[in-house]
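The values are calculated or read from the model by the stated rules, or taken from the named source; none is laboratory data. Being a predicted model, the structure only gives us computed values, none of them experimental. Reconstructed Cβ throughout: ideal geometry from the backbone, glycine too, with neighbour counts over all protein chains shown.
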Amino acid sequence: MGDDAGAVRAAVLSLHRSTGLPMVFGGALAGQERFRITELVGNSTGSLKGLTIRQGSGLGGKAMALGRPVWVSNYPQAATISHDYDAPVAAEGLLSIVAVPVVVRRRVRGVLYGALREPLSLADRVIAAAVEATRDLEQELAVRDEADEALARLQPDCDPTARWEEVRAVHAELRGLAEQVTDDAVRERLLAASIRLAAATSPDGMRPPGPALSPRELDVLSYVAIGCTNADTAQRLGLLPETVKSYLRSAMRKLGSHTRLEAVAAARRSGLLP
């Protein structure tokens with residue numbers, strides 16, 4: 001979870017752009033049952049910067065405890081929350097606030113806030129935008145966690161054959177994960193990581209130029225390379241088996257291969273697969 005703060009920062013900026021709220025802020029988990037506010041846009045003081053919020057306390061702490069969005073239209077007068085943080089909130093002059101927890105694998109990883117300095121009810125559009133920004137952040141963290149876990153399985157004490165198989169499995173998993181995300185930047189990072197992983201399998205980094213396979217053709221080949229059937233590959237990539245066959249035939253034609261194994265071997269020789 002080392003990069004959660006960076007991901008929260010991007011989400012705060014995105015939420016500010018999409019809603020135009022005067023102030024947007026948030027923070028990532030900072031220990032057991034608490035998070036720290038580290039990212040702020042539109043603040044006029046430093047009163048909230050670095051503030052640690054305990055689970056159950058204040059608006060954000062309540063959102064963390066419930067695992068769902070909560071909001072108030074007049075923070076100082078709200079009877080539904082505790083008032084542990086009234087002083088720093090008052091210093092910013094915030095009145096109408098929404099807090100949305102970032103939940104990944106049933107665990108809160110942070111909270112995003114949007115706020116007005118007037119005692120007005122937040123529009124449904126604003127609350128929906130806050131929830132959408134949080135869902136995008138949750139997806140990014142979940143995908144990154146899966147990629148980190150896959151890479152962590154590359155243990156140095158494994159025998160060479162097992163390590164190679166794990167490298168290939170990680171490569172396929174990275175490409176599969178890339179197709180699950182809606183954030184273009186995250187998708188490009190995952191695809192770039194898969195390309196670097198394939199290139200790193202060459203001791204001197206030199207490979208003959210390979211044919212130009214489409215991303216989907218390479219996705220299919222990456223799963224074929226680790227022994228998946230067409231049905232398995234279709235399930236992992238969210239495609240129909242016939243679609244997988246079509247991509248595989250196209251890749252084989254481009255690679256000048258007559259069988260699945262020949263296609264995989266040709267792709268490896270060209271540095272397209274590890």
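Within the bounds of the stretch 117-125, is there any residue that is surrounded by fewer than 19 Cβ atoms within 10 Å (Cβ to Cβ), of a type outside the set (A, V, I, L, M), on the phi > 0 side of the Ramachandran plot and not in a helix (DSSP H, G or I)? Within the stretch 117-125 (the criterion being surrounded by fewer than 19 Cβ atoms within 10 Å (Cβ to Cβ), of a type outside the set (A, V, I, L, M), on the phi > 0 side of the Ramachandran plot and not in a helix (DSSP H, G or I)), the answer is no, since none of the residues qualifies. The lone criterion from (1) closer than 26 Å to V143 by Cα; (2) modelled with pLDDT of 95 or more; (3) among the hydrophobic types (A, V, I, L, M, F, W, C) left unmet by L94 is number (1).
Take the conditions (1) surrounded by fewer than 21 Cβ atoms within 10 Å (Cβ to Cβ); (2) in contact (Cβ under 8 Å) with a residue 24 or more places away in the chain; (3) in a helix (DSSP H, G or I); A133 misses just one of them, which is (1).
Taking L272 as the residue in question, decide whether it is in contact with a Gly (Cβ under 7 Å, 6 or more places away or on another chain) and either outside any helix (DSSP H, G or I) or of a type in the set (G, A, S) (or both).
yes
Return yes when R17 is more than 20 Å from R107 (Cα to Cα), assigned by TED's automatic domain parsing to the domain that holds V103, charged (D, E, K, R) and in a helix (DSSP H, G or I) and no when it is not.
So R17 passes the test.
Note on the stretch 173-202: residues that are within 19 Å of S270 (Cβ to Cβ), assigned to a helix (DSSP H, G or I) and in contact (Cβ under 8 Å) with a residue 60 or more places away in the chain total 3. Given the criteria assigned by TED's automatic domain parsing to the domain that holds R236 and at pLDDT 75 or above, does R144 qualify? No. P22 meets each of the listed conditions (1) surrounded by 18 or more Cβ atoms within 10 Å (Cβ to Cβ); (2) of a type outside the set (G, A, S); (3) within 25 Å of R144 (Cβ to Cβ) apart from (3). Restricting attention to the stretch 216-274, the residues being among the hydroxyl-bearing types (S, T, Y) and in contact (Cβ under 8 Å) with a residue 12 or more places away in the chain number 6.
Does R17 meet the test of being out of contact with any helix residue (DSSP H, G or I) (no Cβ under 9 Å at 6 or more places or on another chain), buried (at least 16 other Cβ atoms within 10 Å of the Cβ) and modelled with pLDDT under 95? No, not satisfied. Would you say Q55 is assigned by TED's automatic domain parsing to the domain that holds R117 and either in contact with a Pro (Cβ under 6 Å, 6 or more places away or on another chain) or without any contact (Cβ under 8 Å) to a residue 12 or more places away in the chain (or both)? Considered against the rule, which asks whether it is assigned by TED's automatic domain parsing to the domain that holds R117 and either in contact with a Pro (Cβ under 6 Å, 6 or more places away or on another chain) or without any contact (Cβ under 8 Å) to a residue 12 or more places away in the chain (or both), Q55 comes out as no.
The set of residues from the stretch 259-274 being surrounded by 19 or more Cβ atoms within 10 Å (Cβ to Cβ) and over 21 Å from E173 (Cβ atoms) comprises just one member, A266.
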